[in-house]
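Written out below as structure tokens is the structure these notes cover.
The values are calculated or read from the model by the stated rules, or taken from the named source; none is laboratory data. Computed from a prediction, not measured in an experiment: that's the story for all the values here. Cβ placement follows ideal geometry from the backbone for every residue including glycine, while neighbour counts extend to all protein chains displayed.
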Amino acid sequence: MQLHVEILGIPQALAALERVEREQQGEIVIAVDTATYKAQGLAMRLTPVKTGRLRAGNKVRQGTGGTAYLILNDLYNDVPYAIYVCYGTRKMRARDFMTPALVEARRWLISELRKVFGG
């Protein structure tokens, strides 16, 4: 006795799911990149300016790691005294220009990801 079962449409359904996954991943990458640059723009506006060097130090490094399911960008400031301006010292009050920028960008990114995932 032989039983033969054929399910029609499974390869097409799997291909459609893979296509949707690729489209969503592209939308997620765009959202993460946009959020990172929004954070940079806000950090630029919040950075105290004397000579402009500190403001110019706010930079973005895209795709510094990750896998297909982990997308990483860096917002950083490479000016040596940036940390002292952000967090202050015992002689100087903190003027944090990074945290508010990251908080606002995170809020925006969550909103965008909800749109991508239909939430």
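List the number of the failed condition for Leu75; all other conditions in (1) within 30 Å of Gln25 (Cα to Cα); (2) among the hydrophobic types (A, V, I, L, M, F, W, C); (3) exposed (fewer than 13 other Cβ atoms within 10 Å of the Cβ) hold.
(3)
Return the residue satisfying two criteria in turn: it lies in segment 72-100 and is of a type in the set (A, V, I, L, M, F, W, C) and under 12 Å from the mean Cα position of the chain (by Cα), and of such residues it is modelled with the lowest pLDDT.
The qualifying residue modelled with the lowest pLDDT is Leu72.
Could you say whether any residue in segment 13-26 is under 24 Å from Phe117 (Cα atoms) and under 14 Å from the mean Cα position of the chain (by Cα)? Before the answer, list the steps.
Step one: of segment 13-26, the residues under 24 Å from Phe117 (Cα atoms) are 13-26.
Cutting the leftovers down to under 14 Å from the mean Cα position of the chain (by Cα) gives us 25-26.
Yes, segment 13-26 has at least one match.
How many residues are among the β-branched types (Val, Ile, Thr) and free of Cβ contacts under 8 Å to residues at least 40 places away in the same chain if we restrict to segment 21-58?
Within segment 21-58, residues that are among the β-branched types (Val, Ile, Thr) and free of Cβ contacts under 8 Å to residues at least 40 places away in the same chain number 3.
Does segment 34-48 include one or more residues that are farther than 30 Å from Arg93 by Cα, at pLDDT 80 or above and part of a helix (DSSP H, G or I)? Before you say what the answer is, go through the steps one by one.
Taking segment 34-48 and keeping what is farther than 30 Å from Arg93 by Cα, we get 34.
When the remaining residues are screened for being at pLDDT 80 or above, the result is 34.
With the extra rule that they be part of a helix (DSSP H, G or I), the set shrinks to 34.
There is at least one residue in segment 34-48 that is farther than 30 Å from Arg93 by Cα, at pLDDT 80 or above and part of a helix (DSSP H, G or I).
So, in segment 71-98, exactly how many residues are free of Cβ contacts under 8 Å to residues at least 12 places away in the same chain and in a helix (DSSP H, G or I)?
Selection size over segment 71-98: 3.
Kindly provide the set of residues from segment 27-56 that are more than 16 Å from Leu102 (Cα to Cα) and among the small types (Gly, Ala, Ser), ordered by number.
Gly52, Ala56
Name the single residue that is nearest to Tyr76 (Cα to Cα) among those in segment 86-107 being loosely packed, with under 15 Cβ neighbours inside 10 Å and of a type in the set (A, V, I, L, M, F, W, C).
Val103
Within segment 74-111, track down each residue that is of a type in the set (Phe, Trp, Tyr) and within 11 Å of Thr47 (Cα to Cα).
The answer is Phe97, and nothing else.
Within 24 Å of Ile28 (Cβ to Cβ) and in a loop (DSSP other than H, G, I, E, B): does that describe Gly63?
yes
Within segment 60-71, identify whether any single residue is among the basic types (Lys, Arg) and at pLDDT 95 or above, and answer yes or no.
no
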